[in-house]
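Here the structure comes first, spelled out in structure tokens, and everything after it is commentary.
Just so it is clear, none of the values below were taken in a lab; they were calculated from the coordinates. Owing to the predicted nature of the structure, the values given are computational and were not obtained by experimental measurement. Glycine gets a Cβ as well: all are built from the backbone with ideal geometry, and neighbour counts include every protein chain shown.
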Amino acid sequence: MPILLSYAGVAIVSIRRINEYLNAPELDEDAISHLPATQEQQQAQPPSSGKQPRKPPSPATVIKITEGTFTWLPEEQDAQQVTLHQITVEIKQGQLVAIVGSVGAGKSSLLSALLGDMIKLAGGVELRGSVAYVPQEAWIRNATIRENILLDKAFDEVKYRQVLESCALTLDLAMFAAGDMTEVGEKGINLSGGQKQRISLARAVYSGADTYLFDDPLRY
């Protein structure tokens with residue numbers, strides 16, 4: 001009887017969570033405007049005779065939020081609880097931008113708004129090209145370290161080694177007998193917090209995205 005009551009309580013909690021998830025509102029696919037990536041190298045036009053050479057083209061805008069207002073709750077639940085109010089951001093190609101603020105200031109919410117995970121109440125969001133996201137808590141599969149980095153992408157030996165070196169994973173892999181073929185336990189149980197975060201970083205770098213979003217990258 002005690003075991004039965006314990007499992008019954010777990011089942012009730014699980015059913016409530018699944019019911020809340022399945023009945024949650026769908027995300028708005030039109031909340032973000034995805035634009036095609038720009039060409040990395042543009043052919044320079046030769047200058048005309050007797051004229052000054054033309055200046056290189058200015059970098060394109062890859063992230064743009066225009067007076068964006070976002071919330072985590074649907075309008076029918078709580079229209080007054082706004083998380084981000086009239087945010088305006090414009091980031092050019094090649095820029096390194098850091099958002100600094102206190103705990104609960106909305107840094108992670110801003111990244112979620114760029115990913116389309118928040119409900120947009122007003123404004124516009126534009127992203128150009130592909131995006132790679134590194135969350136605060138690294139997501140690790142129950143697979144080998146190499147499979148966690150590749151994430152079903154084609155294996156490129158030269159690129160893979162460069163990613164390992166750039167993400168400081170070389171010393172970590174030397175600690176394992178099987179190297180990058182080491183099987184990772186459920187939720188990365190046999191990895192430290194820093195190792196999981198570096199694997200998550202390597203996964204993003206290997207993807208070769210046009211824009212990278214890092215949530216609290218200096219945590220570990």
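Projecting the Cα atoms of 109, 158, 130 onto the charge dipole of region 65-220 (Cβ charges, centred on the Cα centre) puts 158 farthest toward the positive pole. Calculate I(q)/I(0) for region 80-188 by the Debye formula, one identical point scatterer on each C-alpha and no solvent, and give its log10 at q = 0.12, 0.15, 0.17, 0.18 Å⁻¹ to two decimals. Cα-only, vacuum Debye calculation for region 80-188: -0.64, -0.89, -1.01, -1.06. Among the GluC sites (Glu not before Pro) in region 57-153, those placed in a DSSP loop whose Cβ has at most 12 other Cβ atoms within 10 Å are 75, 76. Seen from a random direction on average, the alpha-carbon convex hull of the chain projects onto 19.1 square nanometres.
Where does helix 157-166 land angle-wise versus the long Cα axis of the chain, in degrees 0 to 90, nearest 10? Between the helix axis and the principal axis of the chain, the angle is about 80 degrees.
The length gained by stretching the chain between residue 22 and residue 1 to full extension, at 0.36 nm per residue less their Cα-Cα distance, is 4.4 nm.
How much of the calculated P(r) for region 113-174 lies past 20 Å, in percent of all Cα pairs? Summing the P(r) of region 113-174 above 20 Å gives 47 percent of all pairs. Listed cross-link partners 64/120; 159/196; 64/159 are compared with a 22 Å cut-off, the Cα-Cα value being larger for 64/159. The share of C-alpha pairs in region 127-220 whose separation exceeds 20 Å stands at 31 percent.
Stokes-Einstein diffusion for region 176-216 at 37 °C, viscosity 0.692 mPa s, with a Kirkwood radius from C-alpha pairs, works out to 281 µm²/s.
For residue 88, neighbours were defined as the other residues whose beta-carbon sits under 13 Å from its Cβ, and their charges (Lys and Arg +1, Asp and Glu -1) total -2.
Under a model in which nothing but the beta-carbon of Lys, Arg (+1) and Asp, Glu (-1) is charged, the chain shows a dipole of about 780 debye around its Cα centre.
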